[in-house]
Amino acid sequence: MAGLVIHTVSNFQNSLSRTVSRKQKAIVWAIIAVVLSVACTGAYGQDAPAQASKLGTPAAEVLTHDATDHHVPFSPILLEIAIIIGLAVVGRWLATCLRQSEVLGELLIGVIVGNIGYWFGIPIFVLVMNLGDAIPLFSEVWLTGKAVSESAEHVFSPEQLEAGGSAEHLLAIMTGLEGPRHVAMGFALWIFSELGVILLLFMVGLKCGVDDMLRVGTRALAVAAAGVVIPFVAGIVVAKLLLPMAGTPVQVFLAAALTATSVGVTARVFRDLNRLQTAEAKVILGAAVIDDILGLVILAAVIDVASTGQIDPFAIGRIALLSCTFLGVLLVFGNRLVRLIVPLVSLLEKHHSKLLFPLALAFLMAWAANSIELAPIVGAFAAGLILTEDQFAKQSPSVTMENLIAPLERIFAPIFFVLMGMQVNLQSYLELDTLWLTVAFTVVAILGKVLSGLLAGRGIDRLTVGIGMVPRGEVGLIFASIGKAMGIISGSVFSALVSMVILTTLVTPFALKWSLGRGSNQPQQHND
């Protein structure tokens, strides 16, 4: 039987090579990989009663394990991760064949597979599609140790939990017979994807440096400020025109959601094209960090307005002060502290300190940033900035920190991008109101950031800087999920915001590659 399968596949591949082009062949194999992945995941994604009916076995027996059962409980997670990594490989291959950025292939393969699995009703795909709702519930379960059903009462509104509500189907999956397994699989995906984007930004920080970032500090500050003000003002105008009855708190929240910037996608494109050392990349990275602080302050103000009807200046001042202090201390004194600690670490671990210490520092700084309500990726990026090869002078110079950590980033970062693509629900575009809101939000989101690039100054490709600030990524999803959880925005507005996040994320690799490839565009670094 195996020989027949191999022979059939070989004949199919030979005939495929003779009749179609390389791009067409890539598309065919991508479709085959998608079908196989959905089928494999679906086998693990069905509830026990469904599996029992197919096998002719009572459901009770399916859930029964005897002492001789050696099935590893987390094995579905292993299959899940293997499939996603495989899909990322297929997506990158397809994007390469089409001469596009690899990250775009990962995003699009996630969109295709996620929607196919969602249309088939496979529970894990439904869970991932609604991950924006699931993550607050995961956090509540993790922090309190309460049951999923009990935690859901603290996370979702009564309307969301009613029959037909947005959280009702999600909760049914998480509390069903196979609920614990689905929760574990969804939770694992969330953790691994966050680990991936943390490693990605840490690697980006390693390629840059504190001095390089300070050189473009003035430019980055100007771009970040414009990138917040322009979308915010335009967002209020659009919200008042399209949602005049929503009220000022809702309109202000929507405008604030348009100000966020996620540097993950942009950093990945610059890395794929080997352009991280350009002045454009450094301005974008610096502006994104500043943008995160400004966005955090705006979010705190908007939440106060929405929940209490007034602004708490002390809460906003505390967040701004903590954020600036954290980054300032780390950038000014971080290099010195690292030089004091590295010899001690090298004394304790002579062979692998160049791998273990940077990873520990990245995770520590990510935790520290999150503890003061900054995004963990900001801390990881800052950790990369303060690490240099000369700090490990006694270690082998032939193997760099980047060479050691790159394999880990190459494994986990694609999970983040595939997972982001899997959260795009194409059905939401069939609703006319949602479609119009999506178009309006996306236009404002793109134009606002592109215009901010004009403040990057002379001697730099300002269009590239503006395009690099466009993607909202996980930061935009956080805004949307908070608004929905607090009942500030409706389901259609939430779908429009999520769609805006995805569209700005999908369009950036196309636009950024085009912008970087224009003419003989080889920008140089400039000192301010």
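The values are calculated or read from the model by the stated rules, or taken from the named source; none is laboratory data. As the structure is a computational prediction, the values presented were derived from the model and not from experiment. All Cβ positions, glycine included, derive from the backbone under ideal geometry; neighbour counts span all protein chains shown.
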Can you work out which of the residues in the range 90-129 that are part of a helix (DSSP H, G or I) and among the small types (G, A, S) is nearest to Y429 (Cα to Cα)? G114
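Only one of R318, R339 is at pLDDT below 80, of a type in the set (K, R) and either more than 29 Å from the chain's Cα centre (by Cα) or closer than 22 Å to I377 by Cα (or both); which?
Checking each option against the conditions leaves just R318.
Is it fair to say G145 is small (G, A, S) and either within 20 Å of E80 (Cα to Cα) or touching a Gly at 6+ places or on another chain (Cβ under 9 Å) (or both)?
No; evaluated as a whole, the condition is false for this residue.
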Taking the stated definitions as given, is I173 under 30 Å from G91 (Cα atoms), in contact with a Pro (Cβ under 8 Å, 6 or more places away or on another chain) and not acidic (D, E)? yes
Could you go through the range 174-188 and let me know if any residue there is crowded, with 17+ Cβ neighbours inside 10 Å, among the acidic types (D, E) and not in a helix (DSSP H, G or I). yes
Of all the residues that make up the range 63-109, how many are at positive phi and modelled with pLDDT of 75 or more? 0
Selection count, the range 338-375, where residues are more than 21 Å from L404 (Cβ to Cβ) and either in contact (Cβ under 8 Å) with a residue 24 or more places away in the chain or not in a helix (DSSP H, G or I) (or both): 6
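Any residue at all in the range 377-392 that is at positive phi and outside any helix (DSSP H, G or I)?
As a first pass, look at the range 377-392 and keep what is at positive phi: none.
No, because not a single residue in the range 377-392 is at positive phi and outside any helix (DSSP H, G or I).
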Being closer than 20 Å to E194 by Cα and touching a Leu at 6+ places or on another chain (Cβ under 8 Å) is the filter here, so list the residues in the range 114-136 that pass it. V126, L127, V128, N130, L131, G132, D133, A134
Filter result for P407 (outside any loop (DSSP other than H, G, I, E, B) and surrounded by fewer than 14 Cβ atoms within 10 Å (Cβ to Cβ)): yes
Do we have any residue at all in the range 138-159 that's in contact (Cβ under 8 Å) with a residue 60 or more places away in the chain, in a helix (DSSP H, G or I) and buried (at least 20 other Cβ atoms within 10 Å of the Cβ)? yes
Filter result for the condition that a residue is in a helix (DSSP H, G or I), of a type outside the set (V, I, T), at pLDDT 75 or above and touching a Gly at 6+ places or on another chain (Cβ under 9 Å), over L512, L503: L512
Condition first: crowded, with 17+ Cβ neighbours inside 10 Å and not in a helix (DSSP H, G or I). Can you find one or more residues in the range 218-241 that meet it? no
Quick check on the range 83-119: of everything there that is surrounded by 19 or more Cβ atoms within 10 Å (Cβ to Cβ) and among the small types (G, A, S), which residue is nearest to the chain's Cα centre (by Cα)? G110
